[in-house]
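Colleague: One structure, as structure tokens, below. Some questions next.
The values are calculated or read from the model by the stated rules, or taken from the named source; none is laboratory data. All of these numbers come straight from a predicted model, not from anything done at the bench. Heads up, the Cβs are rebuilt from the backbone with ideal geometry, glycines too, and the neighbour counts pull from every protein chain shown.
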Amino acid sequence: MLGEQHRRIGDLVADIPGLLRPEDELKLYELAQQTAGPIFEIGTYRGRSATIMALGAKAGQGALLISVDVDPKAQRAAAAALAAAGVADNVLLVRGSAAAALRVLPGLAPRLTFVDGDHSADGVRSDVAALERAIPNGGLLLFHDFVDPRNDNPDIEDIGVKAGIADSWVARECDLIGEYGVCGLFRRREGGEVGAGPPVIDARWRDSLRMQYLQRLRWPAARAARGFLRRFGQSDS
Ligand SMILES: C[S@@+](CC[C@H](N)C(=O)[O-])C[C@H]1O[C@@H](n2cnc3c(N)ncnc32)[C@H](O)[C@@H]1O
């Protein structure tokens, strides 16, 4: 049975612009609520789906949502919407493509990913390629507009979700679990052997030149010298 917030999720985000169907919204909330985390979203826009997932995650297992978008103006609106819904603390917004975000966050292994950025075949292909190394076995992928007749019309280049998935690792290594609203839900069956441990952000390039010198040169050199002395100093004694 649906909880009160789950049932009313469409009303709760009614003021946030977006193109989701009620069935999409119910599924996003449910998946986020059940996900142990982390959750990854490609295409924040004004934050409608992000707010739904963050509310679901907060009501469920507290998974962190990381949402990426290339449009700074839309993301500023999303930040305001997330704050207004009381879930700003549950979300990390990243400016850039999925590929860039996953480069910045090596080790991120999303348990749930909502793919809703560039819907052209090439756009979906790029996002799917970027996700290949990140999605663990058992990880869920929800593709928006997977169930859309425009996918089958070669004259409409904006919508190529099915073409973007065809021949990819998603087609080979994932099972289609079901269709919800206009979304297709896949679960990775194999090929997703990702390392254990949390993602590590390398922020050294934003350090002062002195800190960069210490971290890149002086400390590694001192460590190497200590190792050398331990190995060869001991054998002399
Ligand atoms: C359909 S909207 C997302 C809607 C949002 N998921 C929701 O339901 O509220 C698509 C968004 O994807 C963004 N976008 C387009 N290409 C992208 C890319 N290559 N990487 C990340 N985001 C992209 C656009 O700026 C736009 O905000």
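Colleague: Identify, by number, the condition in (1) over 16 Å from the mean Cα position of the chain (by Cα); (2) more than 8 Å from the ligand (Cβ to nearest atom); (3) touching a residue at least 24 places away in the same chain (Cβ under 8 Å) that GLY18 doesn't meet.
Modeller: (2)
Colleague: Scan the range 81-99 residue by residue and report those that are part of a helix (DSSP H, G or I) and either more than 14 Å from the ligand (Cβ to nearest atom) or free of Cβ contacts under 8 Å to residues at least 24 places away in the same chain (or both). Working first, answer last.
Modeller: At the first step, the residues of the range 81-99 found to be part of a helix (DSSP H, G or I) are 81-84, 88-90, 98-99.
Answer for the range 81-99, where residues must be part of a helix (DSSP H, G or I) and either more than 14 Å from the ligand (Cβ to nearest atom) or free of Cβ contacts under 8 Å to residues at least 24 places away in the same chain (or both): ALA83, ALA84, ALA88, ASP89, ASN90.
Colleague: Would you check if ASP152 is modelled with pLDDT under 95, crowded, with 17+ Cβ neighbours inside 10 Å and assigned by TED's automatic domain parsing to the domain that holds VAL124?
Modeller: Numbers: modelled with pLDDT under 95: yes; crowded, with 17+ Cβ neighbours inside 10 Å: no; assigned by TED's automatic domain parsing to the domain that holds VAL124: yes.
Considered against the rule, which asks whether it is modelled with pLDDT under 95, crowded, with 17+ Cβ neighbours inside 10 Å and assigned by TED's automatic domain parsing to the domain that holds VAL124, ASP152 comes out as no.
Colleague: Could you list, in sequence order, the residues of the range 61-70 that are near the ligand (Cβ under 7 Å from one of its atoms) and either part of a strand (DSSP E or B) or buried (at least 24 other Cβ atoms within 10 Å of the Cβ) (or both)? Quick ask: steps written out before the conclusion?
Modeller: Initial filter on the range 61-70 (near the ligand (Cβ under 7 Å from one of its atoms)): 68-70.
Within the range 61-70, VAL68, ASP69 qualify.
Colleague: Considering the range 164-195 alone, what residues qualify as being of a type outside the set (Lys, Arg) and assigned to a loop (DSSP other than H, G, I, E, B)?
Modeller: Applying the first criterion (of a type outside the set (Lys, Arg)) to the range 164-195 yields 164-171, 173-186, 190-195.
Answer for the range 164-195, where residues must be of a type outside the set (Lys, Arg) and assigned to a loop (DSSP other than H, G, I, E, B): ALA166, ASP167, SER168, GLY181, VAL182, GLU190, GLY191, GLY192, GLU193, VAL194, GLY195.
Colleague: Which of the residues spanning the range 25-60 are more than 8 Å from the ligand (Cβ to nearest atom), of a type in the set (Asp, Glu) and crowded, with 20+ Cβ neighbours inside 10 Å?
Modeller: GLU25, the sole residue that qualifies.
Colleague: What's the total number of residues in the range 137-154 that are more than 16 Å from the ligand (Cβ to nearest atom) and assigned to a helix (DSSP H, G or I)?
Modeller: Summing the residues that are more than 16 Å from the ligand (Cβ to nearest atom) and assigned to a helix (DSSP H, G or I) in the range 137-154 gives 2.
Colleague: Right, PRO110: in contact (Cβ under 8 Å) with a residue 60 or more places away in the chain and of a type outside the set (A, V, I, L, M) or not? Full working, then the answer.
Modeller: Working: in contact (Cβ under 8 Å) with a residue 60 or more places away in the chain: yes; of a type outside the set (A, V, I, L, M): yes.
Yes.
Colleague: Give the range 1-60 a look and list any residue that's assigned to a loop (DSSP other than H, G, I, E, B) and of a type in the set (A, V, I, L, M), or say none.
Modeller: Here is the first cut: in the range 1-60, the residues assigned to a loop (DSSP other than H, G, I, E, B) are 1-3, 8, 13-21, 35-38, 43-47, 60.
The answer is MET1, LEU2, VAL13, ALA14, ILE16, LEU19, LEU20, ALA36.
Colleague: Any residue at all in the range 109-119 that's surrounded by fewer than 17 Cβ atoms within 10 Å (Cβ to Cβ) and either within 27 Å of ASP11 (Cβ to Cβ) or not β-branched (Val, Ile, Thr) (or both)? Working first, answer last.
Modeller: Of all residues in the range 109-119, those surrounded by fewer than 17 Cβ atoms within 10 Å (Cβ to Cβ) come to none.
No, that holds for no residue.
Colleague: From the list GLY164, GLY181, exactly one residue is buried (at least 17 other Cβ atoms within 10 Å of the Cβ), assigned by TED's automatic domain parsing to the domain that holds VAL115 and on the phi > 0 side of the Ramachandran plot. Which is it?
Modeller: Values: GLY164 fails: on the phi > 0 side of the Ramachandran plot.
Checking each option against the conditions leaves just GLY181.
Colleague: Of the residues ASP122, ASP127, which is within 11 Å of the ligand (Cβ to nearest atom), touching a residue at least 12 places away in the same chain (Cβ under 8 Å), among the acidic types (Asp, Glu) and within 17 Å of LEU140 (Cα to Cα)?
Modeller: Numbers: ASP122 fails: within 17 Å of LEU140 (Cα to Cα).
Just a single option satisfies the conditions, and that option is ASP127.
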